[in-house]
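A short write-up of the structure that comes next.
Values in this text are rule-based calculations from the coordinates and carry no lab data. Here the structure is a predicted model, which is why all the values come from computation and not from measurement. Reconstructed Cβ throughout: ideal geometry from the backbone, glycine too, with neighbour counts over all protein chains shown.
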Amino acid sequence: MRSAIVTGIVAALIGLVLVLGGGAENGPNPFVTLGVLNGAIYGLVALGLVLVYKGTRVFNFAQGEFGTLAAFFLFFSIDSEYGGLPYPVGIAIALTGVLLIGLAMERVIIRPLINAPRVTVLVTTIAMALFLVGVEILAFKAEPRSLSPMIQAIDQAGDVNTIQIFDLAVEPQRLIGLGVLAAFGVLLAFFFSRTDLGLAVLATSQDSFATRVVGIGVERMSRFIWATAALLGAVAGILYVPLTGALTPAVMTQNILIPAFTGAVLGGMTSLPGAFVGGVVIGFVQAVSLWAAGAWRVGGRAIQEIVPGSEQLAILVVLLVVLLARPQGLLGRET
Amino acid sequence: MTTATEVLSPADARTRPQPSTRGWIARIGVMILLAAIVLWRVATIEPFWADRFALAAIYGIIGLSLNVVLGYTGQVSLGHHAFVGLSAFLSAFFVTEKGQSFWIGLLLATLAGALSAGLLGLVALRIRGLYLSLITLTYGFVAVNSIFDIPALTRGGAGMPAPRPSGFATEHKFALLCFLFLGLVLWIDWRMMKTKVGRAVLAVKQSEAVAASYAVSVTGYKVLGFMVSGAFAGLAGSLFAHRATTVVSADFSFREALIWVLMVVVGGLGNRTGVVIASMFFALFPFLVGLVNPLEHFVIDTMGKDPEELTLVIGPALALLTIILYPGGVGEQISPITRWFRGEKFSLHPDGHKPKGKPHRAAAVLRHLVRRGR
């Protein structure tokens, strides 16, 4: 049943992208393809959110900032003024750094609250996010920086080195994002259904006392969850920030966190494949709404001239519709 | 008549020795003296600080508004910048564009806040869990990127003028007005929690199942709580608009909403006095740095930082410390004083009064060592 839903959604998405994406000149084609590729980043952050939610039943508002931090680490490692290291080394430094920060936060902040009410832990993740933003602003100032993508979009000769998809030039970075998301989705799904450690994490989230009784260390599970979440956030940051063109403090929280949350809710807050699908669907919906706001007219004026921010409005509409019509999400179970 | 939500007063309140008449006179006298000092300072201080105090009072109202959601209903709102901001724009809109009086603008802003919070709450309560935080988060996102950019309502980036009412045009008089409204909100909050509504809201927070089995409407009281919070936020928004006299959307960012949540945590969830004190501290902190000469020198010259940026680190750090080590917040720390005002004996460790949450880690280790030594 659930796999049928997944297959249906994926097939419908591919169909829509083919129909709309390959269409006429003034059709929504570039928007849709870009939207789905953006959605891959949402899906990646949503995976981290779902992971923490499965493990601790709390929304992790610090998930976006793991990404911004990773982008800052990467920037300072590879920038010729500071580190001047090769790109892969920079990525390794960024991932390790964020992993260590995630572990430290788990040990110092989350661990003492292991039996605290969920509201407390939720507020704690908010404080963690804002603390990281504050440190970023103090340390790096609020000025925008430019982080180059993994594979330079412009080669030495000055030609744009992009891949053609449906008459649309796509940066290789976006395709890498889609690939990484798919890989992580499969990996985590396998981990939670087939390995002992994955099952132990799930057990902890359901009843931490009973888990302790059968000899599973709750602390170890908590450490594992936050380390993996930090890593997922870092990967999303490294993939996304080069695409926006500006690395500023809190960039991931401002641009990605909210669509990612909506994607996670749409997929069902506890479903990893749901997070994957939800993120991509959100990217698609945003793209269509952006196109519609520019193309459709009310009383001679485009919609975007009357009410700006159609992308954000679309997210709110999706969230409200999901919570009203199917609160458990597309693939989630009733809780 | 006995109703479902009627709770008998706790045993200690009936048997507790009450202060003598002179004791009550002393308590009321000190309270009046404190209020008089605050109002006198606000009325006589230089205009720059009167303006800052007005902001502090508005932050106090915002803190109390979030306290209703966080402390009483046990949910989290991350969209208070949207409630406050939308009400600020609406108030300015009605005064400037529609030619209404300040008081009409204030009333409509308050109603708008209550209505939007209630509607979002109704959707959020469809599913168990802390989904109000997600819905308000997204609503705030939409407000910042869409509603605050609607040219007809906000005049784009230039801002919407919001003139002060004629009787309260100076900084001092407007600050006094803000403090009067803070007092009003405090009084409403206090009375609400003393009556059936307050007991029902707290019962629902404690256990939804038990509350429901006593015929307390879980959804109804939660939505009511959100609406009260929205109304307070709307009132604060209107005051915010007319204090600044021009409303610009940059004043209401997501960061503000987070800071507001954290200041309530620092104040102590559900603790009126603590929340107001912490909120005022958060409002004044960037300016307090300027008061202490060596500190200002250190922050601006040595570190090369803006004190306002410092709030973003100090605030969350304070909140984290509060959550982990002192879950009761400011309210818990000042409880000997507030308990004295309520008619108990002044005592740092009143009988049967144990600090909330886990004991301090170091204290636990010490106790363990002492016990082993015996």
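Observations on the structure shown:
- Computed label-point distance, nm, for sites A:Val213 and B:Ile28 using a 7 Å Cα→Cβ extension: 5.7
- Note on the stretch B:135-288: Cα convex hull, mean projected area over all directions, 11.0 nm².
- Reciprocal mean inverse distance between Cα atoms of the stretch A:254-327 - Kirkwood radius, Å: 12.8
- Entry note: the protein assembly as shown has Rg to Rh equal to 0.98, where both radii use alpha-carbon atoms and Rh is the Kirkwood radius.
- Extension gain from A:Leu187 to A:Ala292, taking 0.36 nm per residue of separation minus the Cα-Cα distance: 34.2 nm
- Mean shadow area of the stretch B:33-115 over all directions, Cα convex hull, nm²: 7.3
- Radius, Kirkwood style, for the stretch A:29-71 when every pair of distinct Cα atoms is counted (Å): 11.5
- At q = 0.30, 0.35 Å⁻¹, base-10 log of I(q)/I(0) for the stretch B:161-200 (Debye sum, equal scatterers on each alpha carbon): -0.93, -1.03
- Semi-axis lengths (Å, descending) of the ellipsoid that matches the C-alpha gyration tensor of the stretch A:172-217: 32, 9, 6
- Applying Stokes-Einstein at 10 °C and 1.306 mPa s to the Kirkwood radius of the stretch B:88-210, computed over alpha-carbon pairs, gives a translational diffusion coefficient of 91 µm² s⁻¹.
- Lysine pair count for the stretch B:19-373 with Cα-Cα distance under 19 Å and sequence separation of 8 or more or different chains is 7.
- Ordering of B:223-236, A:179-192, B:266-279 by packing [mean C-beta count within 10 Å, highest first]: B:223-236, B:266-279, A:179-192
- FRET efficiency, B:Gln333 to A:Arg194 (Cβ-Cβ, R0 51 Å, nearest 0.05): 0.50
- Proximal charge balance of B:Gly129 [Cβ under 10 Å; K/R count +1, D/E count -1]: +3
- The stretch A:206-335 - convex hull of alpha carbons, volume per residue in Å³: 138
- Using the Cβ-Cβ distance between A:Ile176 and B:His297 with R0 set to 60 Å, the FRET efficiency from 1/(1 + (r/R0)^6) comes to roughly 0.80.
- Interatomic Cα distance distribution for the stretch B:233-289, bins of 10 angstrom, percent: 21, 47, 30, 2
- The stretch B:19-373 - convex hull of the alpha-carbon atoms, volume per residue in Å³: 186
- Gap separating the Cα centres of the stretch B:263-292 and the stretch A:255-275, nearest whole Å: 34
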